[in-house]
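Reviewing the structure listed below.
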Amino acid sequence: MKLTLGEKFTFLRQNAKRTKKEIAECLNLALSTYVKIEDDFVYPADTLIKKTAKLYELTYDELLALGEESE
């Protein structure tokens with residue numbers, strides 16, 4: 001099963017054992033905006049995806065490829 005971008009953000013955050021508030025602060029976002037991204041109500045701009053990838057020490061392509069392995 002492929003992950004949505006919101007699910008990827010959630011997976012990375014939970015794997016890092018961080019709260020939504022902590023990640024929102026790291027990305028200079030309002031908590032409500034970050035929650036909407038994780039819930040797939042808002043699609044983040046490429047610049048935010050790149051910033052998030054860097055936060056988790058991934059490349060942009062690695063973040064997008066997360067959970068995309070074929071079954």
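Every number here is computed from the coordinates shown, using simple stated rules; none is lab data. Please read these numbers as outputs of a predicted model, since none were measured by experiment. Note: ideal-geometry Cβ built from the backbone for every residue, glycine included; neighbour counts use all protein chains shown.
So what is log10(I(q)/I(0)) for the range 5-65 at q = 0.14, 0.18, 0.19, 0.30 1/Å, when the Debye sum runs over its Cα atoms only?
Result of the Debye calculation: -0.31, -0.53, -0.60, -1.67.
Roughly how many debye, to the nearest 20, is the charge dipole of the chain about its Cα centre, given +1 on each Lys and Arg Cβ, -1 on each Asp and Glu Cβ, and no other charges? The partial results should precede the final answer.
Working: 11 positive and 13 negative charges, 82 e Å.
Once rounded to the nearest 20, the dipole reads 400 debye.
Just going by the charge dipole of the chain, with Lys and Arg at +1 and Asp and Glu at -1 on Cβ, which of Asn15, Ala65, Asn28 is farthest out on the positive end?
Asn28
For helix 46-55, what angle does its Cα long axis make with the longest principal axis of the chain, in degrees from 0 to 90 and rounded to 10?
It works out to around 90 degrees.
Taking θ = phi - 60°, what integer Hz values does the Karplus form 6.51 cos²θ - 1.76 cosθ + 1.60 yield along the range 20-31, in sequence order, with x for Gly and Pro?
Per-residue couplings from phi come out as 4, 5, 4, 5, 4, 5, 4, 9, 6, 10, 5, 4 Hz.
Mind pulling the angle between the C-alpha long axis of helix 5-15 and the longest principal axis of the chain? Nearest 10 degrees, somewhere in 0 to 90.
Result, in degrees: 80.
Within 10 Å of each candidate Cβ there may be at most 14 other Cβ atoms; applying that plus a DSSP loop requirement, which chymotrypsin sites (Phe, Trp or Tyr not before Pro) in the chain survive? Don't skip to the answer; put the middle values down first.
On the way: sites: Phe9, Phe11, Tyr34, Phe41, Tyr56, Tyr60; in loops: Phe41, Tyr56.
Filter output for the chain: Phe41.
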